[in-house]
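Engineer: Questions regarding the structure given below will be posed in turn.
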Amino acid sequence: MDFSVSRTFSSLYIILDILWLLIYLAILLYFRRRLAVIVGLLAGLVYFVVDFGIFYKLLGTRQINGADPFWFLLWLSMSYGFTNFAWIWLLLDKDGQAVEWSLLPILGWVTVGQLSHNFGSGFPEITISRNIGAYHGVMTLILCAGYLYIVFRNLKQKERINLLWLMAIGIGVQFSWEASLLINGIRPPLWQPIVVNSLIETNLGMPYIYYIHRFLTKRYNEDLSANL
């Protein structure tokens, strides 16, 4: 399916989002969720390499009006890359506080969007878009390979991984992000982005982040102390 995904918002959104990211980071560090912070920061850098290096530079599928592409995509990638994967990591921890960890990013996204919508009229407007038909096939292949491996392992009874839990996290995190954009009037009211992106984009990384999480948490606690 080939369609364009676009967003239009006030530059006040960026200022408020950076402030929120600092608050979110401070909360994670206060509660000693250092491993989640590191994973989130690394994920943000990976998102930047993909978004700026591949989508913008190589494929030319990303368009930006009203902002410097490098700095804008660095902020954007670190924003949802850090938030999404720190959130995913915390949910994989299964520490009994999934609701609290889930409310933090959702509250931030909705609050920043609404404040920007109400008070951002005097700030420059930024419009970004990308055509996703060129790479959703590759994303789906990555998603299929990861989940197929887990399905095979489960069927062989090598291990028993809760696939519904993994998919709920992958789909739910992306859906929350897409829904906040829709609620805040940043994204046009189209069904394709929220449905297709939720099923594919963040969800494609879930099998891989699950095994990374399992590998690291066998060796380290969330505060980076050794897991003896």
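The values are calculated or read from the model by the stated rules, or taken from the named source; none is laboratory data. Computed from a predicted model, the values in this text were never measured in an experiment. Methodologically, a virtual Cβ is constructed for each residue, glycine included, from the backbone with ideal geometry; neighbour enumeration extends over all protein chains shown.
Engineer: Please find, within region 91-114, the residue that is nearest to L28 (Cα to Cα) out of those that are within 13 Å of the chain's Cα centre (by Cα) and of a type outside the set (S, T, N, Q). Step through it out loud before you land on a result.
Structural biologist: So in region 91-114, the residues within 13 Å of the chain's Cα centre (by Cα) come out as 102, 105-106, 109.
Now narrow it down to the ones that are of a type outside the set (S, T, N, Q): 105-106, 109.
Working: P105: 12, I106: 15, W109: 17 Å.
My answer is P105.
Engineer: If I filter region 134-146 for residues that are of a type in the set (A, V, I, L, M), assigned to a helix (DSSP H, G or I) and more than 27 Å from M167 (Cα to Cα), do I get at least one hit?
Structural biologist: No, every residue in region 134-146 fails to be of a type in the set (A, V, I, L, M), assigned to a helix (DSSP H, G or I) and more than 27 Å from M167 (Cα to Cα).
Engineer: With the checklist (1) touching a residue at least 24 places away in the same chain (Cβ under 8 Å); (2) in contact with a helix residue (DSSP H, G or I) (Cβ under 9 Å, 6 or more places away or on another chain); (3) within 30 Å of T217 (Cα to Cα) in hand, flag the one item L29 doesn't pass.
Structural biologist: Just one mismatch for L29, condition (1).
Engineer: Please specify each residue of region 55-79 satisfying the condition of being of a type in the set (A, V, I, L, M, F, W, C), more than 19 Å from Y24 (Cβ to Cβ) and touching a residue at least 40 places away in the same chain (Cβ under 8 Å).
Structural biologist: Start the filter on region 55-79 by keeping residues that are of a type in the set (A, V, I, L, M, F, W, C), which leaves 55, 58-59, 64, 67, 70-76, 78.
Retained after the next criterion (residues that are more than 19 Å from Y24 (Cβ to Cβ)): 55, 58-59, 64, 67, 70-73.
Scanning region 55-79 gives F55, L59, I64, A67, F72.
Engineer: With the requirement that a residue be aromatic (F, W, Y), modelled with pLDDT of 95 or more and within 19 Å of S198 (Cα to Cα), what does region 62-91 give you?
Structural biologist: F82, F85, W87, W89
Engineer: Could I ask something else about it? In the list L91, L107, which residue meets the criterion of being assigned to a helix (DSSP H, G or I) and either in contact with a His (Cβ under 7 Å, 6 or more places away or on another chain) or within 15 Å of S180 (Cα to Cα) (or both)?
Structural biologist: Working: L91 fails: either in contact with a His (Cβ under 7 Å, 6 or more places away or on another chain) or within 15 Å of S180 (Cα to Cα) (or both).
Being assigned to a helix (DSSP H, G or I) and either in contact with a His (Cβ under 7 Å, 6 or more places away or on another chain) or within 15 Å of S180 (Cα to Cα) (or both) holds for just one of L91, L107, which is L107.
Engineer: Continuing with this model, one more query. Can you tell me which residues in region 189-225 are assigned to a loop (DSSP other than H, G, I, E, B) and closer than 18 Å to D51 by Cβ?
Structural biologist: E201, T202
Engineer: Going through region 30-75 one residue at a time, which ones are among the β-branched types (V, I, T) and out of contact with any strand residue (DSSP E or B) (no Cβ under 8 Å at 6 or more places or on another chain)?
Structural biologist: Passing the criteria: V37, I38, V39, V46, V49, V50, I54.
Engineer: Okay, moving on. Scan (1) buried (at least 17 other Cβ atoms within 10 Å of the Cβ); (2) touching a residue at least 24 places away in the same chain (Cβ under 8 Å); (3) within 30 Å of L12 (Cα to Cα) for the single condition I194 breaks and write down its number.
Structural biologist: Just one mismatch for I194, condition (2).
Engineer: Could we say that E159 is surrounded by fewer than 19 Cβ atoms within 10 Å (Cβ to Cβ), of a type outside the set (A, V, I, L, M) and in contact (Cβ under 8 Å) with a residue 24 or more places away in the chain here?
Structural biologist: Criteria not met by E159.
Engineer: In region 197-228, what residues are of a type in the set (V, I, T) and surrounded by fewer than 17 Cβ atoms within 10 Å (Cβ to Cβ)?
Structural biologist: Listed by number, the residues that qualify are I212, T217.
Engineer: Does Y24 satisfy being part of a helix (DSSP H, G or I), in contact (Cβ under 8 Å) with a residue 60 or more places away in the chain and under 24 Å from P189 (Cβ atoms)?
Structural biologist: The answer is no for Y24.
Engineer: Taking L35 and the conditions (1) under 19 Å from L224 (Cβ atoms); (2) surrounded by fewer than 18 Cβ atoms within 10 Å (Cβ to Cβ), which numbered condition does it fall short on, given that it satisfies the others?
Structural biologist: For L35, the exception is condition (2).
Engineer: Give me a count of the residues in region 123-156 that are farther than 25 Å from F55 by Cβ and crowded, with 17+ Cβ neighbours inside 10 Å. Spell out how you get there, then give the answer.
Structural biologist: Just the residues of region 123-156 that are farther than 25 Å from F55 by Cβ, to begin with: 123, 148-156.
In the following step, the residues that additionally are crowded, with 17+ Cβ neighbours inside 10 Å were identified as 150.
Residues in region 123-156 being farther than 25 Å from F55 by Cβ and crowded, with 17+ Cβ neighbours inside 10 Å: 1 in total.
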